[in-house]
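The values are calculated or read from the model by the stated rules, or taken from the named source; none is laboratory data. What you see is a predicted model; the values in this text were computed from it and never measured. Cβ placement follows ideal geometry from the backbone for every residue including glycine, while neighbour counts extend to all protein chains displayed. Just so you know, the surface numbers come from the protein's heavy atoms only, side chains and all, with ligands and any DNA or RNA stripped out. Shrake-Rupley method; radii C 1.70, N 1.55, O 1.52, S 1.80 Å.
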Amino acid sequence: MTQVSDALGPAAPTTPDPDAVGSGGLWHSAWRRLRRNPAAIAGAAIVALFLLVAVFAPLIAPGQPGVPLPNSGVTPSSVPGPSPGHPLGLDSPGTDLLTQLVYGARQSLLIGVVSTALGLAGGAVLGVLAGGLGGWVDVVVMRVVDILLSIPSLLLAVSVAAVLGQRPVSVMIAIAVAQVPIFARLLRGSMLAQRGSDYVLAVHSLGVRRRTVVMSHLLPNSLGPVIVQATLTLATAIIEVAALSYLGLGDSNPSTAEWGRMLVNAQSRLSTDPHLALWPGFCIAVTALGFTLFGEALREALDPKGRK
Amino acid sequence: MALLEVRDLSISFPGGSGRGSALSKAVDGVSFDVEAGQVAGLVGESGSGKSVTSLAVMGLLPHTARVSGSASFDGRDLLAVPERELEGVRGREVAMVFQDPMTSLNPVVTVGTQITEVLRRHTGASRRAARDEAGELLARVGIPAPVRRLREYPHQLSGGMRQRAMIAIALACSPKLLIADEPTTALDVTIQAQVLELMGDLVRERGTAMLLITHDLGVVAGLCDTVTVMYSGRVVERADRHELFARPRHRYTSGLLASVPRLDAPRGQRLQPIPGTPRDVIGWDAGCAFAPRCSAADDACRGTELPLVSDGARDRHLLRCAHPVPDQHDQHDQHDQHDQHDQQERSA
Ligand SMILES: Nc1ncnc2c1ncn2[C@@H]1O[C@H](COP(=O)(O)OP(=O)(O)OP(=O)(O)O)[C@@H](O)[C@H]1O
Ligand code: SF4
Ligand SMILES: [Mg+2]
């Protein structure tokens, strides 16, 4: 019984759905959804606090970082506890603990942001080449990315430190190189997905040059997932900075305050003064948590499937 | 010589229903013309290959598609010119309007930029000049407050407004040929007529030729000079509009016309649905693809390859049918005949 009247073709009078809008509206509705998400607000608050502390470190910290106080009272078995000038007491090298923590935020932010920016830039170049041009360029670029992925990041960090010396820039490069494949793959995938969309066909039908299509149409539409990933990557970068200096691969200058090295210094006093390890550990964990919460909330807010 | 002459266009895609290496044919030996300044209609059911035909002409099919035949535009075979040259033709000499205005504009770029981009690409106009021109274009397609709209993003425009903007973009460089692939299918019924009228006015006043793809015979009746009817990837009938509506000869075309409400039909006349469903993949070797649904089908239709031949005295009326509908001036008799035939079949 297939007496189908199909002579008029499919009935497709789609009434415009006010929410079925593209990314221009996507960012707008993402923002609205972010503001309603408690996790996003918590994450944003942590990130904001971290940024404020890092930027205004000289105003917040009671002293100078990496400067041991004379007559600090640090003995092999104990460190001085809280006192009027030193709300959290002193660190094992005889420096003010709060000052070290505050300047540590600055160091984490600096290395985290610079290395993520480097990783993002490198990944974006490769991703645009692969996803925008396709064909053999795609194949070659993705093989390079696979090779990068196959190098263990720790090994890479050791090698970079060996070549460039134990400087902040070595840490940044080591972290960045490990991020390049992540961003490259993500951007490539997201551009490939965009390439099949109607508007891309439409701009092609208008004779817009391939380069322009890639740079001013595909790329801006593919950035959402990349921005989310960058936020999440900042969290890992902050942990990695600490991990690398914990392993002795970080900045060797003793006067820079750094959460990872504070953990190292606290190790020998773990049984007597656990707070020396707990404070920097807490800072690392909370900051990473803040970026992760915010990044995940951003991902959810930008996900078209979750939009109501 | 016509502005666009499509000859023997065949398109297949890899991986049909068969084995891995099999090709599935979407379009088979399609030929038609679009005369300069005229509107040519391309009609057919969903899946009959209308869109892939138009994309082939534009060189916009995916690389996996196998295309043969020719599409000579202004004396140049668009299927043979290199991609770089084709980029200069697209948008400037041939432009396209797509079905879904909700997805055919880039969501993160303002409407103004999307128009000026095309103008500057092809005419080398300055930013300012392109901006002014874009404002005028939007005004011409009937978008109120055009200068403000230039700064807006597509989601800030309604569906009808977006399709008007798409039309403005397509006509920005005054192309010689506009291909419109179901330009009103996705719009509200009330807006469809307005947009169609606008397109008709625009191409007439600019002398632009238009290839109008649709499955809606009402659209054809209102706008087209000639009509090409496709079924399952082949042209089954071709004629001038009046000729086709007055004397449809192919059984599919006549069925199509009988299934559409007509204002001039006598009261009480029933609409005739075409039984069965179209086949989405071309799976026959020779003969008429409409045979499974045709009440007049016999062995003459199935066994042999039917040519597209002119219909007796009328050499502008082409058809591919073994038993055409008798050329009668009174169509209503024909309907009754058809009806009886159907009933016999059903009771059998
Ligand atoms: N990229 C592709 N790969 C494989 N097959 C395709 C591709 N594009 C189209 N086809 C096939 O080509 C045939 C014709 O499709 P086409 O889109 O041209 O139909 P249409 O006449 O435009 O129908 P509609 O009215 O639904 O738009 C279909 O069977 C479809 O499955
Ligand atoms: S009469 Fe034969 S050729 Fe004509 S439409 Fe019917 S099946 Fe096809
Ligand atoms: Mg189509």
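What is the Cα coordinate range of segment A:86-216 on the first, second and third principal axes, sorted by size from largest, in whole angstrom?
The Cα atoms of segment A:86-216 stretch 69, 31, 18 Å along the principal axes, largest first.
Once you put a point 7 Å from the Cα of A:Asp303 and another 7 Å from the Cα of B:Ala139, both along the Cβ direction, what distance in nm separates them?
That separation, rounded to one decimal, is 4.8 nm.
With a 1.4 Å probe, how much accessible area is buried between chains A and B, both sides summed, in Å² to the nearest hundred?
Result for this pair: about 3300 Å² buried.
Roughly speaking, to the nearest percent, how much of the protein assembly as shown's 1.4 Å accessible area is carbon and sulfur?
59
Taking Rh as the Kirkwood radius, which is the inverse of the mean 1/r over Cα pairs, what is the Rg/Rh value for segment B:1-97?
0.98
Using a 10 angstrom cutoff on alpha carbons, build the Gaussian network for chain B and name the most mobile of B:Arg206, B:Arg293, B:Arg128.
Looking only at B:Arg206, B:Arg293, B:Arg128, the biggest GNM fluctuation is shown by B:Arg128.
Please find the FRET efficiency linking A:Ser255 to B:Ala300, where r is the Cβ-Cβ separation and R0 is fixed at 56 Å, and quote it to the nearest 0.05.
Taking R0 as 56 Å, the efficiency between A:Ser255 and B:Ala300 is 0.05.
Of the beta bridges DSSP finds with both residues in the protein assembly as shown, what % are antiparallel, to the nearest 5?
Given both bridge residues lie in the protein assembly as shown, the antiparallel proportion sits at roughly 60 percent.
Could you give the accessible area per residue of the protein assembly as shown, probe 1.4 Å, as a whole number in Å²?
The answer is 45 Å² per residue.
Using a 10 angstrom cutoff on alpha carbons, build the Gaussian network for chain A and name the most mobile of A:Ser108, A:Ser77, A:Ser268.
Looking only at A:Ser108, A:Ser77, A:Ser268, the largest GNM fluctuation is found for A:Ser77.
Need one number: % antiparallel among DSSP beta bridges in chain B, to the nearest 5.
So the antiparallel bridges in chain B amount to around 60 percent.
Can you tell me the length gained on complete extension of the stretch B:Asp315 to B:Thr190, counting 0.36 nm per residue apart and subtracting the Cα distance?
Result for the pair: 41.2 nm of gain on full extension.
Using a basic spin-label model with each label point 7 Å from the Cα along Cα→Cβ, how many nm lie between B:Glu152 and A:Val140?
For B:Glu152 paired with A:Val140, the spin-label model returns 4.6 nm.
From the backbone phi of segment B:73-90, what are the Karplus-calculated ³J(HN,Hα) couplings (6.51 cos²θ - 1.76 cosθ + 1.60, θ = phi - 60°) in whole Hz, Gly and Pro given as x?
Couplings: 10, 6, x, 10, 7, 5, 6, 10, 6, x, 3, 5, 5, 4, 4, x, 7, 4 Hz.
With each label point set 7 Å from Cα along the Cα-Cβ vector, what nm distance links B:Arg206 and A:Ala42?
5.7
Based on the Kirkwood radius over alpha-carbon pairs, what value in µm²/s does the Stokes-Einstein equation return for the translational diffusion coefficient of the protein assembly as shown at 20 °C and 1.002 mPa s?
The diffusion coefficient I find is 73 µm²/s.
Work out from phi, with θ = phi - 60° and the Karplus expression 6.51 cos²θ - 1.76 cosθ + 1.60, the ³J(HN,Hα) of each residue of segment A:136-149, listed in order in whole Hz, and give x for Gly and Pro.
5, 4, 4, 4, 4, 4, 5, 5, 4, 4, 4, 4, 4, 5
Among DSSP beta bridges lying fully in segment B:171-248, give the percent that are antiparallel, nearest 5.
Numbers: 6 of 11 bridges.
Bridges in segment B:171-248 are about 55 percent antiparallel.
Place the peptides A:245-253, A:170-178, A:269-277 in order of packing, highest mean first, counting for every residue the other Cβ atoms within 10 Å and averaging per peptide.
In descending order of packing, they fall as A:170-178, A:245-253, A:269-277.
Could the peptides A:143-153, A:207-217, A:60-70 be put in order, highest first, of the mean number of other beta-carbon atoms found within 10 Å of their residues?
Details: A:143-153: 13.6, A:207-217: 17.4, A:60-70: 15.5.
Per-residue mean Cβ counts within 10 Å order the peptides as A:207-217, A:60-70, A:143-153.
Ignoring ligands and nucleic acids, what accessible area does A:Met142 show with a 1.4 Å probe (Å², nearest 10)?
20
How high is the FRET efficiency between A:Trp27 and B:Ala129 when r is their beta carbon distance and R₀ equals 35 Å, given to the nearest 0.05? Don't jump to the answer; show the numbers that get you there.
On the way: r = 31 Å, r/R0 = 0.88.
Plugging the Cβ-Cβ distance into 1/(1 + (r/R0)^6) gives 0.70.
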